[in-house]
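The values are calculated or read from the model by the stated rules, or taken from the named source; none is laboratory data. Computed from a prediction, not measured in an experiment: that's the story for all the values here. All Cβ positions, glycine included, derive from the backbone under ideal geometry; neighbour counts span all protein chains shown.
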Amino acid sequence: MKVISTNISEVLIVEPKVFGDDRGFFFESFNQQDFNDAVGQDVQFVQDNHSRSAKGVLRGLHYQIQQPQGKLVRVVRGAVFDVAVDLRKSSATFGQWVGAELSEDNHRQLWVPAGFAHGFMVLSESAEFLYKTSDYYAPEFERCIIWNDPDIGINWPIDDEPQLSGKDQQGLSLNDAEVFS
């Protein structure tokens, strides 16, 4: 496993070692000990999620204000532009974002620690997205920041308006949202 640093030190790109030949490929998608060594902490995952979305769908920017979730995300079919936004008010990178393309071809994963909002946009005709979470889903604590907040300034790779859920259309600006201390 190769770990690639990003502009926000806690957000990491995880690149597995892929063994391939003319028959296909094999890689170890998760190893608890190697992952904990890479992130420098003992992260225990409690839930796995799987979603499928069409091209142009944008999901996010989601987070839980209580029971915050760290997420290890990856794509098994298609491609997405994946984003993490630092919501820790005491952090030197508060309000900054990191983005990476995750695809079935590059096998990359993104570690989004607790205290960050997370979102992604589907670049391919469709995408299947898997993610592990470090805490359980708690809808009463779920919050959403609007995808195009100018104070965050995410450079989404789009030409048209994305497809959003009703919940995501109602996302708040960073200035109006609950954040972490």
Kindly provide the set of residues from region 78-95 that are over 11 Å from residue 180 (Cβ atoms) and within 14 Å of the chain's Cα centre (by Cα), ordered by number.
-> 79, 80, 81, 82, 83, 84, 85
For region 156-172, name all the residues that are polar (S, T, N, Q), in a loop (DSSP other than H, G, I, E, B) and within 19 Å of the chain's Cα centre (by Cα).
-> 165
Which of (1) under 17 Å from the mean Cα position of the chain (by Cα); (2) of a type in the set (Gly, Ala, Ser); (3) farther than 23 Å from residue 54 by Cβ is the odd one out, the single condition residue 181 does not satisfy?
-> (1)
Just name the residue that is surrounded by the fewest Cβ atoms within 10 Å (Cβ to Cβ) out of those in region 124-172 that are closer than 20 Å to residue 68 by Cβ and of a type in the set (S, T, N, Q).
-> 134
Among the residues of region 158-171, which ones are modelled with pLDDT of 95 or more and closer than 19 Å to residue 101 by Cα?
-> 162, 163
Going by the structure shown, is residue 134 under 20 Å from residue 11 (Cα atoms) and in contact with a Lys or Arg (Cβ under 7 Å, 6 or more places away or on another chain)?
-> no
Could you please let me know if residue 37 is surrounded by fewer than 21 Cβ atoms within 10 Å (Cβ to Cβ), part of a helix (DSSP H, G or I) and of a type outside the set (Val, Ile, Thr)?
-> yes
In region 5-47, how many residues are aliphatic (A, V, I, L, M), modelled with pLDDT of 95 or more and out of contact with any helix residue (DSSP H, G or I) (no Cβ under 9 Å at 6 or more places or on another chain)?
-> 4
Index of the failed condition, residue 69 passing every other in (1) in a strand (DSSP E or B); (2) touching a Ser or Thr at 6+ places or on another chain (Cβ under 8 Å) | (1)
Could you list, in sequence order, the residues of region 1-11 that are in contact with a Pro (Cβ under 9 Å, 6 or more places away or on another chain) and part of a strand (DSSP E or B)?
-> 2
Verdict on residue 75 being assigned to a strand (DSSP E or B) and out of contact with any Cys (no Cβ under 7 Å at 6 or more places or on another chain) | yes
Hey, can you tell me all the residues within region 72-123 that are of a type outside the set (A, V, I, L, M), crowded, with 23+ Cβ neighbours inside 10 Å and out of contact with any Gly (no Cβ under 7 Å at 6 or more places or on another chain)?
-> 74, 109, 116
